[in-house]
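Take a look at the structure below.
The values are calculated or read from the model by the stated rules, or taken from the named source; none is laboratory data. Just so it is clear, the model here is predicted, and its values are computed rather than measured. Here the Cβ is made from the backbone with ideal geometry for all residues, glycine too, and neighbour counts use every protein chain on show. Only protein heavy atoms, including side chains, enter the accessible area calculation; ligands, DNA and RNA are left aside. Shrake-Rupley method; radii C 1.70, N 1.55, O 1.52, S 1.80 Å.
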Protein chains: 2
Amino acid sequence: MTTMILGGAQMGPIQQADSRAAVVARMVDLLRAAHAKGVTMLVYPELALTTFFPRWYAEDRAEMDHWFETEMPNGATAPLFDLARDLGVAITFGYAELTPEGRHFNTSILTNRQGEIVGKYRKVHLPGHVELDPDRTHQHLEKRYFEPGDLGFNVWRNGGVVMGMAICNDRRWPETYRELGLQGVELVTIGYNTPSVNSQLGDEGLAQRLFHSDLVMQAGAYQNATFVAGIAKAGLEDGHHLMGGSIIVDPNGMVIARADTEDDELIVADCDFALCAFGKATVFDFARHRRIEHYTRTGTQTAAIVPR
Amino acid sequence: MTTMILGGAQMGPIQQADSRAAVVARMVDLLRAAHAKGVTMLVYPELALTTFFPRWYAEDRAEMDHWFETEMPNGATAPLFDLARDLGVAITFGYAELTPEGRHFNTSILTNRQGEIVGKYRKVHLPGHVELDPDRTHQHLEKRYFEPGDLGFNVWRNGGVVMGMAICNDRRWPETYRELGLQGVELVTIGYNTPSVNSQLGDEGLAQRLFHSDLVMQAGAYQNATFVAGIAKAGLEDGHHLMGGSIIVDPNGMVIARADTEDDELIVADCDFALCAFGKATVFDFARHRRIEHYTRTGTQTAAIVPR
């Protein structure tokens, strides 16, 4: 069975003024530190190359295009890809993607240990809103600047492990994990940028927001007998606070590594993927236990329909 | 907005030798205690009238029919229905149902405060196995003695609250809560009989099994912005130990009441169902955020299909 030393490269804040080169240099430092600990698969956050720009409103959306990457790898990220290949570390990270056709996605990619991109994911569950919302304490305009992902939830065999990706708000949706679980996923990597304050419920509090983040990833891991790595970009970014709380969860739903800081910080867990087999063969043996004849609403109904 | 004092009537063990009348007398005592605390909706466990008989193998399944109820209410349960009506307490409890057509289900019913049955649910996710399995430390033959439920997941407006039911192993499946959430559920009632020992993994341990039980109900509550009441039959039943851990969870996924014992025990929570509205209107506003075009596997694929 496959074992792997898995790393999570939590990142501290990235300010508007920080160049891509400066950010990639931090990612390279984290990669070196991870390799020194034996890591062969390293997970970076969502939008790892830039500040979380959807907090700002631009009437002309094109004003935000400078936060997007038009190709990957590109000049700025080449040092990261090169070092990952040289060290033999597979990586995944998120970035804003602008396609040749002019489409915008919140994207993550996955490489193998040879530094080749083997998988791409585009965020399906975009949170927030499209238009300026003066009732919020801060804006969260992901629905303005990105299209919902068009690739669905896929898995790739990478280093002997069945891997799938999700991004940030996807982690709150059990469908995310289930779509991957139905493809035998053994590791779900999730980068996130999550404001420490709920823009519509100021008194919710950081503790409850961290609890929710843990809860959904632990449940997703247990209910699909998979490892989950949820890795944050954290700290005070351009005056807006993002929560930390990066964790690695095992297939029993237990947190086996957790970040302590809100800065660049490496977390590491030695993962035995044989642990996925028990749940997949017993309580979550889908072949024996799922009853799709009763999942019609889940699969086909978007909005709640409440009886009178 | 609707508030309600919700009660959970955890029950201690029911031995093989205990009569239905003796069990109903205990349920009546719990009902009186609940009413004295202002409870207007009381949740009892799965298979509340009998021992958890699927732990025993009978080559001739008909030998188990004496554990089943052929009508509800019936002579044995009439005192419970009568008192619930007289006190104005809505109740839900589970029992083994044998239909006039000879079909067997693991069933629960829901009454209104007038003592009328307003809803019925038949357990969809039957755990365990069909044939005697000598590799297990104990048997769990629900798939032998019951058919999977044929009614799906439904909700009913009861006392101003949108209520749905699930039973035991259903609580581990996110589809359970989502099917109900897509009907605007505000309270999911779940009775259970869960062995304290995993028959296929003896060293799993009670603490982890209680953790899993909490985890799935807390996640289901949060992800659908609903209250969840998970109520156990607990303790040493005919030499086999069932775990307790009955809880009431709020729409934030927080445990707001928890049983301390493994015996007959009432837990109570004052529930403000207005709390469901925030999650349903924001992060879990399904109309804005669900992406059913990417849920096809979840809705239509039973078994995992793992890429080579």
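Values computed for the structure shown
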quantity	calculated
Boolean, A:GLY181 is modelled with pLDDT of 95 or more and open to solvent by 10 Å² or more (accessible area, probe 1.4 Å)	no
Search result, residues across segment A:159-174 that are within 7 Å of chain B (Cβ to nearest Cβ) and either within 15 Å of the chain's Cα centre (by Cα) or open to solvent by 20 Å² or more (accessible area, probe 1.4 Å) (or both)	A:ARG172, A:PRO174
Output for segment B:43-74, where each listed residue is free of Cβ contacts under 8 Å to residues at least 24 places away in the same chain and among the charged types (D, E, K, R)	B:GLU59, B:ASP60, B:GLU63, B:GLU71
Qualifying residue in segment A:45-63 (condition: out of contact with any strand residue (DSSP E or B) (no Cβ under 9 Å at 6 or more places or on another chain), open to solvent by 10 Å² or more (accessible area, probe 1.4 Å) and not in a loop (DSSP other than H, G, I, E, B))	yes
Meets criteria (open to solvent by 50 Å² or more (accessible area, probe 1.4 Å), farther than 21 Å from B:GLY160 by Cα and within 14 Å of chain A (Cβ to nearest Cβ)) for B:LEU236	no
Selection within segment A:32-44 - touching a strand residue (DSSP E or B) at 6+ places or on another chain (Cβ under 6 Å) and not aromatic (Phe, Trp, Tyr)	A:ALA33, A:ALA34, A:LYS37, A:GLY38, A:VAL39, A:THR40, A:MET41, A:LEU42, A:VAL43
Members of segment B:245-290 that are aliphatic (A, V, I, L, M), surrounded by fewer than 18 Cβ atoms within 10 Å (Cβ to Cβ) and in a loop (DSSP other than H, G, I, E, B)	B:MET254, B:ALA274
Residues being among the β-branched types (Val, Ile, Thr) and out of contact with any Gly (no Cβ under 8 Å at 6 or more places or on another chain) - total across segment A:106-144	4
Residue list for segment B:185-205, restricted to those being farther than 15 Å from B:LYS233 by Cα and out of contact with any Lys or Arg (no Cβ under 8 Å at 6 or more places or on another chain)	B:VAL185, B:GLU186, B:LEU187, B:VAL188, B:LEU201, B:GLY202, B:ASP203, B:GLU204, B:GLY205
Count of segment A:64-91 residues which are assigned to a strand (DSSP E or B) and among the aliphatic types (A, V, I, L, M)	2
Conditions (1) open to solvent by 30 Å² or more (accessible area, probe 1.4 Å); (2) of a type outside the set (A, V, I, L, M); (3) farther than 16 Å from B:VAL124 by Cα; number of the one not met by B:PRO148	(3)
Hits in segment A:111-158 (condition: in contact with a strand residue (DSSP E or B) (Cβ under 6 Å, 6 or more places away or on another chain), in a strand (DSSP E or B) and within 10 Å of chain B (Cβ to nearest Cβ))	A:VAL155, A:TRP156
Number of the exception - A:LEU42 against (1) within 24 Å of A:GLY128 (Cα to Cα); (2) of a type outside the set (Asp, Glu); (3) in contact with a helix residue (DSSP H, G or I) (Cβ under 8 Å, 6 or more places away or on another chain); (4) assigned to a strand (DSSP E or B)	(1)
Residue within segment A:273-288 that is modelled with pLDDT under 95 and more than 7 Å from chain B (Cβ to nearest Cβ) present	no
Selection count, segment B:1-39, where residues are over 20 Å from B:ASP272 (Cα atoms) and in a loop (DSSP other than H, G, I, E, B)	8
Leading residue by the ranking (most open to solvent (accessible area, probe 1.4 Å)) among those in segment A:198-223 that are at the interface with chain B (Cβ under 9 Å from one of its Cβ atoms) and touching a residue at least 12 places away in the same chain (Cβ under 8 Å)	A:GLN200
For A:LEU187: the one exception among (1) within 8 Å of chain B (Cβ to nearest Cβ); (2) within 24 Å of A:GLN10 (Cα to Cα)	(1)
Count of residues meeting criterion [within 16 Å of B:GLU71 (Cβ to Cβ) and open to solvent by 10 Å² or more (accessible area, probe 1.4 Å)] in segment B:109-125	5
